[in-house]
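Everything on this sheet refers to the single structure shown next.
Only the coordinates and a few stated rules stand behind these numbers; no lab work does. Computed from a predicted model, the values in this text were never measured in an experiment. Positions of Cβ are backbone-derived with ideal geometry, glycine not excepted, and every protein chain shown enters the neighbour counts.
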Amino acid sequence: MNNSVAGTARLLGAGLRALLVLTLVTGVIYPLVVTGVAQALFHDKANGSEIRSDGKVVGSSLIGQSYALPLKKGQETPEPDLKWFQGRPSNGLGSNSVNTRYKLILSGATNLSADNKDLVEQVKDAKAAVVKDNSVPGHTVNASEVPPDAVTSSGSGLDPAISPAYAQLQVHRVAARNGLPVARVERLVAAHTEGRTLGFMGEPRVNVLELNIALKDIAAGK
């Protein structure tokens, strides 16, 4: 009987020691090492790819943002603030109580087929709005000029970038709204256009938040 109790006690003691050692290694040492390596070698990415403006974190280069006017009385959907470059639509999962534009509660695609009536109507409405918003005195946008990313949401609905074509389409409107020469805004877009990753992956793109921060700076300095 005494031998049985002693053996059980030894096994329990060994199990407890193993638990404590594994907890220390996997729960303390390993996370600290991984965190230290990440902070040392990939500081920007480890901290969420933050973008700063005027010394403050204003967003992430990986997450899109909304550039809209404050809601007016009775409005459910805010109007875009047209002095800024606009990102692509963010209505992947439709409208409900927890999924609003660029809120990080839900993300996803519509999963609607290309001939779905709701999707077709959304695209038509979005294209008409893009044409109307970006047509300014002396420059008219044609429906044929509107690129796909201007009227469709991304797979996540949180895409931070737009195509160079969509950025270029907005140049005249942004220039007019901010009292800037068109050529200067065109140079701004060109300076913030990124090529394909490693030269062959993905598509050329423009990060909207970074572009709008640069726009804010030149508009303030005019």
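Remarks
- Amide N proximity, segment 178-221 versus Asp54 label position 7 Å along Cα-to-Cβ, cut-off under 11 Å: 217
- Compared with the rule-of-thumb size 2.2 N^0.38 Å for a compact globular protein, segment 51-221 has a Cα radius of gyration ratio of 1.03.
- Extension gain (nm, one decimal) between Leu19 and Arg177, 0.36 nm per residue minus Cα-Cα: 50.5 nm
- The ranking of Asp118, Asp81 by Cβ neighbour count inside 10 Å, starting from the fewest, reads Asp118, Asp81.
- Residues Ser144 and Ala191, FRET efficiency given R0 of 25 Å [Cβ-Cβ distance, rounded to 0.05]: 0.40
- The sum of -39500 (n - 2.57) across all DSSP H runs of n ≥ 4, divided by the residue count of the chain, sets its helix-only mean residue ellipticity at 222 nm to -13000 deg cm²/dmol.
- Among Gly13, Gly48, Gly87: highest mean-square fluctuation, GNM of the chain, C-alpha pairs under 10 Å: Gly13
- Remark: segment 2-44 is approximated by an ellipsoid whose semi-axes, taken from the C-alpha gyration tensor as √(5λ), come to 40, 4, 4 Å, largest first.
- Relative to the current alpha-carbon distance between Lys216 and Gln75, full extension at 0.36 nm per residue lengthens the span by 48.1 nm.
- Compared with the direct C-alpha span, the chain from Leu198 to Ala6 gains 62.7 nm at full extension, assuming 0.36 nm per residue.
- Net dipole in debye of segment 137-202 [+1 Lys, Arg Cβ; -1 Asp, Glu Cβ; about Cα centre; nearest 20]: 240 debye
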